[in-house]
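Engineer: Sending over a structure as structure tokens; questions will come in a sec.
The values are calculated or read from the model by the stated rules, or taken from the named source; none is laboratory data. What you see is a predicted model; the values in this text were computed from it and never measured. When the accessible area is computed, the model is the full protein with side chains, heavy atoms only, and any ligands, DNA or RNA have been set aside. Shrake-Rupley method; radii C 1.70, N 1.55, O 1.52, S 1.80 Å.
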Amino acid sequence: MSGGLTDRAVAAGLNAAVAAPSIHNTQPWRFRVRDGGFDVLADHDRGLDVIDPHRRAMYLSLGAAVFNLRLALAAAGHTPLLVPVSGDADQVARVELGQRRMPAPGTRLLAAAITRRRTNRLPYHGAQVPPGTVRELRAAADGTGAALTALDPVRRAAVLGLTWTADTRQRADPAYRREIIAWTGQDGARHDGVPAQAFGPRPATSAVAVRDFGLSVPHQQRQTARFEAEPQLLMLYGDGDDRAAWLRTGQALQRVLLTATVRGVAVQPMTQALELPDVRMLLAGTGAHRWPQMILRIGYGRAAPGSPRRPASACTVPRPWQRRQRAPGAA
Ligand SMILES: Cc1cc2nc3c(=O)[nH]c(=O)nc-3n(C[C@H](O)[C@H](O)[C@H](O)COP(=O)(O)O)c2cc1C
């Protein structure tokens, strides 16, 4: 128990937070439970220096974890309050508990999707996600400093072309290859990174340049498959391009991903074009929400395998050894 926060609420909140998606499954978060609330901290040791030098993707990932934490608390009958943070440079958010409140059915439904959600890197089959469901996904992003747009055929072609360009450039860069290899394919040996079972097949054509996580695996050992000729793409724009904005947009992203899970819609982020500044610049929007933060491929497909997570206990601070370090000589 920490300041009125029950052990059950702590476990629910932390287990939900660590289930969030993160760039290359880096899980760049730490949590501190104190004074009846949760501090969420960035773990900069888990940053990706090659594709994410400014930590944009890291903060989107942290935003997704913050959203899961808030949602799990709401589903457990608490009112989660995001309170301003100051002091600790690594702290990105603080969530405290407000009054107890009966969760709305929609909140429970969304929270139940947290552990079912997965990134689906398989080809999707023919059926289009209907306009009503796309509207629901767009509404899930509303009111949170982000806006989700369904790409029309012209913009889809442009985004696919730029994704191919970015992907080709990245794969030609030895530093990019080293980074992706460091975070992939070590099945069973660790609780982060993308395992081989989640790589998905290599696309048979260059039309949809999904990210190749299997760079260390010889091509002849990889399966290839035909992806959608005209994939359905969504673009998530944010209302700013600093850490606070990324954190807001990450929360919107997670609300969209969980809504998709509830509706049985498969989703794969495809963010290579947003990782090269000169390419990303070409995707800028207009109006208040003009910073492109996420590209999503959506559709219907076979169930995708999951990726591992570090247990919540491995992501909380202070850990026992840190406590010992802070109090030398203590019994
Ligand atoms: C900011 C961000 C960017 C991502 N970019 C990609 C991407 O380009 N391609 C991809 O297949 N997955 C991408 N992902 C998905 C992560 O790889 C995935 O969340 C992580 O491996 C954990 O797997 P899970 O989502 O199935 O739990 C991205 C996720 C985030 C949060």
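Engineer: Pop out the Kirkwood hydrodynamic radius of region 120-223 from its pairwise C-alpha distances, inverse of mean 1/r, in Å to one decimal.
Structural biologist: 16.3 Å
Engineer: What's the center-to-center distance, using Cα atoms, between region 193-218 and region 171-189 in Å?
Structural biologist: Result: 12 Å between the Cα centres.
Engineer: Divide by every residue of the chain the summed helix terms, -39500 (n - 2.57) for each DSSP H run of at least 4, and state the resulting mean residue ellipticity at 222 nm, rounded to the nearest 500 deg cm²/dmol.
Structural biologist: Helix-only estimate at 222 nm: -10500 deg cm²/dmol.
Engineer: On the protein heavy atoms, probe 1.4 angstrom, tell me the percent of accessible surface of region 7-116 carried by carbon and sulfur.
Structural biologist: 52 percent
Engineer: Starting from the alpha-carbon convex hull of the chain, give the projected area averaged over all orientations, in nm².
Structural biologist: 17.9 nm²
Engineer: Between residue 97 and residues 5 or more places away or on another chain, which pairs have amide H atoms under 5 Å apart, with H built 1.01 Å from N, and which residues are they?
Structural biologist: Excluding prolines and chain starts, which carry no amide H, the hits are 81.
Engineer: Long-range amide H contacts for residue 5: which residues qualify at under 5 Å (H placed 1.01 Å from N, peptide plane, sequence gap of 5 or more or a different chain)?
Structural biologist: Placed amide hydrogens put 36 under 5 Å from residue 5.
Engineer: Starting at the first residue of region 69-79, write each ³J(HN,Hα) from the Karplus equation 6.51 cos²θ - 1.76 cosθ + 1.60 with θ = phi - 60°, in whole Hz, x for Gly and Pro.
Structural biologist: 4, 5, 5, 5, 5, 4, 5, 8, x, 9, 9
Engineer: Report for region 131-299 the percent antiparallel among DSSP-assigned beta bridges with both residues inside it, nearest 5.
Structural biologist: 85 percent
Engineer: From the backbone phi of region 267-278, what are the Karplus-calculated ³J(HN,Hα) couplings (6.51 cos²θ - 1.76 cosθ + 1.60, θ = phi - 60°) in whole Hz, Gly and Pro given as x?
Structural biologist: Once θ is set to phi - 60°, the couplings for region 267-278 become 9, 10, x, 9, 10, 4, 5, 8, 9, 10, x, 5 Hz.
Engineer: A follow-up question, please. Quick check for you: with a 1.4 Å probe and neighbouring chains kept, what is the accessible area per residue of region 155-299, in Å²?
Structural biologist: Per residue, region 155-299 has an accessible area of 43 Å².
Engineer: Hey, another quick one. In region 210-314, if every C-alpha pair distance is counted and binned at 5 Å from zero, what percent goes to each bin?
Structural biologist: 2, 9, 15, 19, 20, 16, 11, 5, 1, 0
Engineer: Rounded to two decimals, what is the ratio between the C-alpha radius of gyration of region 7-116 and 2.2 N^0.38 Å?
Structural biologist: 1.06
Engineer: For region 126-276, give the percent of accessible area contributed by carbon and sulfur heavy atoms, probe 1.4 Å, rounded to a whole number.
Structural biologist: Carbon plus sulfur share of accessible area: 52 percent.
Engineer: Pairs of alpha-carbon atoms within less than 8 angstrom and 6+ residues apart define the contacts here; what relative contact order does the chain have, in percent?
Structural biologist: 24 percent
Engineer: Apply the Karplus curve 6.51 cos²θ - 1.76 cosθ + 1.60, θ = phi - 60°, to the phi angles in region 14-24 and return the couplings in whole Hz, x for Gly and Pro.
Structural biologist: 6, 4, 5, 4, 6, 7, 5, x, 8, 4, 6
Engineer: How many angstrom lie between the C-alpha centres of region 66-81 and region 1-33?
Structural biologist: Region 66-81 and region 1-33 have Cα centres spaced 11 Å from each other.
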